[in-house]
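What follows is a single structure, written as structure tokens, with notes after it.
The values are calculated or read from the model by the stated rules, or taken from the named source; none is laboratory data. Bear in mind the structure is a predicted one, so any value in this text is a computation, not a measurement. Note that each Cβ is placed from the backbone with ideal geometry, even for glycine, and that neighbours are counted across all protein chains shown. Just the protein is used for accessible areas: all its heavy atoms, side chains included, with ligands, DNA and RNA removed. Shrake-Rupley method; radii C 1.70, N 1.55, O 1.52, S 1.80 Å.
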Number of protein chains: 2
Amino acid sequence: MFKSAASVERLANRLARLPGIGRKSAARLAFHILKLSKDEAFELADTIREVKEKVGFCSTCFNISETDPCDTCSDPKRQHNVICVVEETSDAAAIDKAEGFSGLFHVLGGRLSPLDGIGPDDLKIKELLDRVKGGRVEELIIATNPNVEGEATAIYLSKLLKPMGLKVTRIARGLPVGSDLEFADSVTLTRALEGRQEL
Amino acid sequence: MFKSAASVERLANRLARLPGIGRKSAARLAFHILKLSKDEAFELADTIREVKEKVGFCSTCFNISETDPCDTCSDPKRQHNVICVVEETSDAAAIDKAEGFSGLFHVLGGRLSPLDGIGPDDLKIKELLDRVKGGRVEELIIATNPNVEGEATAIYLSKLLKPMGLKVTRIARGLPVGSDLEFADSVTLTRALEGRQEL
């Protein structure tokens, strides 16, 4: 596209490989980066390098971290007897942002998906069992996604963990706050009715 | 959002400053970059640096280029007596990609927009006049965008250039190929009728 500047073309090609960025957005972004000040552009480049150089995984919860154990796992102010099990780092981040949870996390690194060839051994399930066996954990909140694969993962985990004598819970599925009952799908409504609570 | 990894947070913040990328996309991109192999991530970082280090502007046509004059301006196979005037580099790239033009370009670097405080002195108009005065140019195709500001820029340029005795043309505005007459807006239809050509 930018015949006269091969490096801009190259940048656009690289950007187009990122998720959700098509050929046209990539060209627009490349062009924007070209217009940035040298400092700003270099800062962006350096932060990309930095992320790959500094960030690893916490060996306890498998969340991304610059330290091991991560800040969450080593924070004495958090409840160390409650673990929230999520699929990905971004899920942990979302829960952490919402108020109401001050326990620890366990990032599985995906969900069970036989069609994609992802079985229990591909997730950090063994590591979760080891954590639970450590004995300090009292409640395990399963917060995998409320879709087919997330539910299957939740059921698999609960079958594995309940016999170990700890409380295993699942985050509630129901109507999202601010939504319209009229437009909710029937599966969500069924879940919302099932999960009804006394006022 | 990624409390445990400050550099990921920083990267997400930088990415969120790019056009068309909101907070959530930025977080998703940052997370994707984290998952890339070290080589791929470093390649992306290096290409961003390279673009800023290598790419400048052609002092003749003001298109982006790694050389001065750019490949287009110094290509003897192109028609050096026809200049296509565009607002931005990306416009020149779009025209170059479409077939049917083998002349040179002139990138104005924007369009006249009094509301944004952009006047003739902020664009490469003086430089265009100097190029035309050079004497080799026979036709000037004004390809600014077909919106209010682009049209105003086109009219301004034609008033300035016509007295210099060269052919000044404007790219056709009409129905886009593959579109539906029924859904075309009335201004476009008016233009399409005005610009009708004998078969």
State all residues of region A:125-165 that are touching a strand residue (DSSP E or B) at 6+ places or on another chain (Cβ under 7 Å), part of a loop (DSSP other than H, G, I, E, B) and open to solvent by 50 Å² or more (accessible area, probe 1.4 Å); if no residue qualifies, say none.
A:Glu138
Quick check, is B:Ala45 assigned to a helix (DSSP H, G or I) and either touching a strand residue (DSSP E or B) at 6+ places or on another chain (Cβ under 8 Å) or over 22 Å from A:Ala5 (Cβ atoms) (or both)?
no
Looking at this structure, is A:Gly103 in contact with a strand residue (DSSP E or B) (Cβ under 6 Å, 6 or more places away or on another chain), buried (at least 16 other Cβ atoms within 10 Å of the Cβ) and farther than 22 Å from A:Gly56 by Cβ?
yes
Check region B:29-48 and report whether any residue there is more than 7 Å from chain A (Cβ to nearest Cβ), among the charged types (D, E, K, R) and touching an Asp or Glu at 6+ places or on another chain (Cβ under 9 Å).
no
Matching residues in region B:33-92 (in the same structural domain as B:Lys126 (by TED's automatic domain parsing), open to solvent by 70 Å² or more (accessible area, probe 1.4 Å) and closer than 22 Å to A:Lys24 by Cβ) number 0
Can you name the condition, by its number, that A:Arg23 falls short on among (1) more than 29 Å from A:Ile142 (Cα to Cα); (2) open to solvent by less than 10 Å² (accessible area, probe 1.4 Å)?
(2)
Scanning region B:1-12 residue by residue, those surrounded by fewer than 17 Cβ atoms within 10 Å (Cβ to Cβ) and within 17 Å of A:Pro19 (Cα to Cα) turn out to be none
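What do you reckon, is A:Arg14 under 30 Å from B:Leu104 (Cβ atoms), at pLDDT 90 or above, part of a helix (DSSP H, G or I) and facing chain B (nearest Cβ under 8 Å)?
Here the answer is yes, as A:Arg14 does meet what is asked.
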Of everything in region B:85-124, what is within 11 Å of chain A (Cβ to nearest Cβ) and part of a loop (DSSP other than H, G, I, E, B)? Give them in sequence order.
B:Glu88, B:Gly109
